[in-house]
Amino acid sequence: KQEVTQIPAALSVPEGENLVLNCSFTDSAIYNLQWFRQDPGKGLTSLLLIQSSQREQTSGRLNASLDKSSGRSTLYIAASQPGDSATYLCAVRPGETSGSRLTFGEGTQLTVNP
Amino acid sequence: KAGVTQTPRYLIKTRGQQVTLSCSPISGHRSVSWYQQTPGQGLQFLFEYFSETQRNKGNFPGRFSGRQFSNSRSEMNVSTLELGDSALYLCASSLGQGSIGELFFGEGSRLTVL
């Protein structure tokens, strides 16, 4: 059974700092991995999707990497801003035939202090 | 382009009642999936519908059911509500078969069972 773990569970940093969020998964046979952010009481916003054949994806100040063999992904946030404060979730999709059945981690709650 | 729309956003029910939640996917998306989010269990997959057929089902009791209409809109129903059903119910849409599988989530329906 696939298990996804995110470390740390919570992180507080001053504005402007570069930071890394970690995601690990137990079964390396994944189809893709997706990073989301969730603001309190809101739905999930897709940040980046990495296919199993890719090593990294970038969008603005965000960069996500994937190392399938070691079962790890990292989300790098450059020059953090107070608006980045949210919970960040990673989710893996086991296989192409698994459809939209994602396995989520518990999330990292990020606070960026002005 | 409109995102995923969920209604109602908030609702309060009492134990034993039943509830129906609605989800309209992004235009052109044929796959709709449902997730339950609670503080204790995190995000858990309920089921997925593609072209009006249930394609995947999570480990939830039969009280949880869903359906999809020909316009890809989906509903989920929970009968005989229990206190533990209090949660944020999230709907996600994706293009479906043959796509890269990126999921887009709605704002959720927050259900409180008293």
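Read the figures in this text as sums done on the coordinates, not as results from a lab. All values derive from a computational prediction rather than experimental measurement. Cβ coordinates were reconstructed from backbone atoms using ideal geometry, including for glycine residues, and neighbour counts include every protein chain displayed.
Mind checking the log10 I(q)/I(0) for region A:3-60 at q = 0.14, 0.16, 0.18, 0.29 Å⁻¹? Debye, one equal scatterer per Cα, no solvent, two decimals. For region A:3-60, the Cα-only Debye profile gives -0.51, -0.68, -0.85, -1.38.
The coefficient of translational diffusion for region B:5-114, derived via Stokes-Einstein from the alpha carbon Kirkwood radius under 37 °C and 0.692 mPa s, stands at 237 µm²/s.
Look at the dipole of the protein assembly as shown built from charges on Cβ: of A:Leu21, B:Ser51, A:Ser70, the Cα furthest out on the positive end belongs to B:Ser51. Altogether, the Stokes-Einstein calculation at 37 °C and 0.692 mPa s, with the Kirkwood radius of the protein assembly as shown over Cα pairs as Rh, returns a diffusion coefficient of 182 µm²/s. Peptide B:49-58 is shielded by partner chain Cβ atoms: per residue, an average of 2 of them sit within 10 Å of its Cβ. What Kirkwood hydrodynamic radius do you get for chain A when you take the inverse of the mean 1/r over all pairs of distinct Cα atoms, in Å? So the Kirkwood estimate lands at 14.1 Å. Each Lys or Arg adds one and each Asp or Glu takes one away; over the other residues whose Cβ falls under 12 Å from the Cβ of B:Glu107, this sums to +2. Only residues of region B:74-94 count here: report those whose backbone N is under 16 Å from the spot 7 Å along Cα→Cβ of B:Phe60, or say none. Inside the label zone: B:74-93. For region A:31-83, a simple Cβ point-charge model (Lys and Arg +1, Asp and Glu -1, everything else neutral) yields a dipole of about 20 debye relative to the Cα centre. Per-residue Karplus couplings for region B:88-96, computed as 6.51 cos²θ - 1.76 cosθ + 1.60 with θ equal to phi - 60°, are listed in order as 9, 9, 10, 10, 10, 10, 8, 4, x Hz, Gly and Pro entered as x. Across chain B, the mean sequence separation of Cα contacts (distance under 8 Å, 6 or more residues apart), normalised by length, yields a relative contact order of 36 percent.
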